[in-house]
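Novice: Dumping the structure here so I can ask a few things about it.
The values are calculated or read from the model by the stated rules, or taken from the named source; none is laboratory data. Small disclaimer: the values here were computed from a predicted structure and weren't measured. Note that we place each Cβ from the backbone using ideal geometry, even for glycine, and neighbour counts take in every protein chain shown. Note: areas computed on protein heavy atoms with side chains; ligands, DNA, RNA excluded. Shrake-Rupley method; radii C 1.70, N 1.55, O 1.52, S 1.80 Å.
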Amino acid sequence: MAREAGVSVATAGRALGDYGRVGDALRDQVRAAAVRLGYSPNGVARSMRSGGTRTIGFVGVDISNPYFATAMRGICDVAREEGYEAILANSDDRMDVERAAVKVFLEKQIEGIVVAPNAVIDVAHLRRAQDLGVPVVLLDRHSGALDADSVVIDNERAAHEAVAHLLDLGHRRIGMLLYVDPDESPELVASDAGRPTVRGAARPSIDRIRGYLAALDEYGAQSSDLIRCSAIGDAAQFEKEADALLSLPQPPTAVFAADNVATQGLFMSVRRRGLAIPGDISLVGFDDLDWTTLVDPPLTVVAQSPMDMGRTAAQRLFARIKGDDSPSERIVLPTRLLLRSSAAEPPAGIRAD
């Protein structure tokens, strides 16, 4: 609707909600666009930024995952600081559930939404929320199909740094474990130069594959046949994928697990097999969870801060709620590779090439 009226989302919200400074001509222009599109300035729009409900919504992919649970804590902390409450919905990585959650939020007249979207292309439900004057901020993923702020990390760079560390130690057969959306599975193809690359929309899993492949390419290592993806995001499934990887005639000498659930499944598989870490195999995981420092040896991991990501997303949301009309931002927060004891040189007798 904002696009139809030729104005920003924030201006559309002010015009529909009768708050802030909007000229009569512009208000009429926005409302005429709303009528053309079949929208009406109902209670949802009128309550926006006027102190009506003082609630925001958060749609997480899987709140049992420590990443999203911690991000939710950051969002709630900022909401309370602003005198608001946050309502939580768990999409279970399903688009139909995400759409239904957004619909319920709008019916409850929430004033803004933070969402970790299941898809970066199918965003019509989020655009509709914006058209009704409800600001949207994306967490963990950026969408070129939606004019909205997003808070992300540089997934490609993070994966590249992790794999380059293993390559510097002398490893050349490096496996990779990660979760992928079943509807957006990555497609590995040969580039014009004959090197493997990956096709797919920018999202954490696919960008991490890109970083993995780029590091291998820089070192002249060709181990793209060692990628194992799972469309089921639980540790037991990743343990099976790790078993398959480690059972190859020429197993990898190191494995990079590209998310925290994959890291857990990998560690379970290696321990059950009685392999020494890093004597028999080197491991690098993702996310600095408490358990990664309590095991022996403690794991080298890529660390990000879901707490900071949640807080930053909420802060951007409240800026929009208060009328910030500036262009949308893609905010990239830093990651760190925490070097511990789970990665070392390949076992003696294993050729680097």
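Novice: Just checking, which of L146, L106 is more than 24 Å from S64 (Cα to Cα) and free of Cβ contacts under 8 Å to residues at least 60 places away in the same chain?
Specialist: Matching residue, one of L146, L106: L146.
Novice: Now a separate question. Which residue out of A158, A162 is open to solvent by less than 10 Å² (accessible area, probe 1.4 Å), touching a Leu at 6+ places or on another chain (Cβ under 7 Å) and part of a helix (DSSP H, G or I)?
Specialist: Going through A158, A162 in turn, just one is open to solvent by less than 10 Å² (accessible area, probe 1.4 Å), touching a Leu at 6+ places or on another chain (Cβ under 7 Å) and part of a helix (DSSP H, G or I): A162.
Novice: Here's something else I'd like to know. Residues that are part of a strand (DSSP E or B), farther than 17 Å from G211 by Cα and in contact with a strand residue (DSSP E or B) (Cβ under 8 Å, 6 or more places away or on another chain): does the stretch 298-305 have at least one?
Specialist: Yes; the residues of the stretch 298-305 include at least one that is part of a strand (DSSP E or B), farther than 17 Å from G211 by Cα and in contact with a strand residue (DSSP E or B) (Cβ under 8 Å, 6 or more places away or on another chain).
Novice: Going by what's in this entry, would I63 be described as open to solvent by 40 Å² or more (accessible area, probe 1.4 Å) and modelled with pLDDT of 70 or more?
Specialist: Spelling it out, I63 is indeed open to solvent by 40 Å² or more (accessible area, probe 1.4 Å) and modelled with pLDDT of 70 or more.
Novice: Let me ask something else about it. Is it fair to say A314 is open to solvent by less than 10 Å² (accessible area, probe 1.4 Å) and either over 19 Å from A164 (Cβ atoms) or assigned to a helix (DSSP H, G or I) (or both)?
Specialist: Spelling it out, A314 is indeed open to solvent by less than 10 Å² (accessible area, probe 1.4 Å) and either over 19 Å from A164 (Cβ atoms) or assigned to a helix (DSSP H, G or I) (or both).
Novice: From the list R272, R203, which one is charged (D, E, K, R), at pLDDT below 95 and either open to solvent by 20 Å² or more (accessible area, probe 1.4 Å) or closer than 21 Å to V120 by Cβ (or both)?
Specialist: It is R203.
Novice: Could you pull out the residue among G265, G285 that is in contact with an Asp or Glu (Cβ under 7 Å, 6 or more places away or on another chain), open to solvent by less than 40 Å² (accessible area, probe 1.4 Å) and not in a loop (DSSP other than H, G, I, E, B)?
Specialist: Answer to the check: G265.
Novice: Is it the case that S91 is modelled with pLDDT of 85 or more and buried (at least 18 other Cβ atoms within 10 Å of the Cβ)?
Specialist: Here the answer is yes, as S91 does meet what is asked.
Novice: Follow-up question, since we're still on this one. Given (1) farther than 21 Å from G279 by Cβ; (2) among the aliphatic types (A, V, I, L, M); (3) open to solvent by 10 Å² or more (accessible area, probe 1.4 Å); (4) at pLDDT 95 or above, where does L169 come up short, assuming only one miss?
Specialist: Looking at each condition in turn, L169 falls short on (1).
Novice: OK, next. Tell me the residue from L88, L106 that is under 18 Å from P306 (Cβ atoms) and either in contact with a Leu (Cβ under 7 Å, 6 or more places away or on another chain) or outside any helix (DSSP H, G or I) (or both), please.
Specialist: Criteria check complete, one pass: L88.
Novice: Could you tell me how many of the residues in the stretch 71-85 are within 18 Å of D140 (Cα to Cα) and buried (at least 18 other Cβ atoms within 10 Å of the Cβ)?
Specialist: 6
Novice: Another question about this same structure. Please identify the pairs in which a residue from the stretch 154-165 that is farther than 9 Å from R208 by Cα has its Cβ atom under 6 Å from the Cβ atom of a residue that is in a helix (DSSP H, G or I) and open to solvent by less than 10 Å² (accessible area, probe 1.4 Å), counting only partners at least 6 apart or on another chain.
Specialist: Close Cβ pairs satisfying both conditions: V163/Y212; V163/A215; A164/A215.
Novice: Take the conditions surrounded by 16 or more Cβ atoms within 10 Å (Cβ to Cβ) and either over 23 Å from the mean Cα position of the chain (by Cα) or in a loop (DSSP other than H, G, I, E, B) (or both) and apply them to M309. Does it pass?
Specialist: So M309 fails the test.
Novice: For residues that are modelled with pLDDT of 60 or more and either of a type in the set (D, E, K, R) or closer than 20 Å to D325 by Cα (or both), tally how many sit in the stretch 28-60.
Specialist: 9
Novice: For the stretch 230-262: of the residues being over 22 Å from the mean Cα position of the chain (by Cα) and not in a helix (DSSP H, G or I), which is surrounded by the fewest Cβ atoms within 10 Å (Cβ to Cβ)?
Specialist: Among those that are over 22 Å from the mean Cα position of the chain (by Cα) and not in a helix (DSSP H, G or I), it is P249.
Novice: Out of V301, V332, report the one residue that is surrounded by 13 or more Cβ atoms within 10 Å (Cβ to Cβ), in contact (Cβ under 8 Å) with a residue 12 or more places away in the chain and in contact with a Ser or Thr (Cβ under 7 Å, 6 or more places away or on another chain).
Specialist: V301
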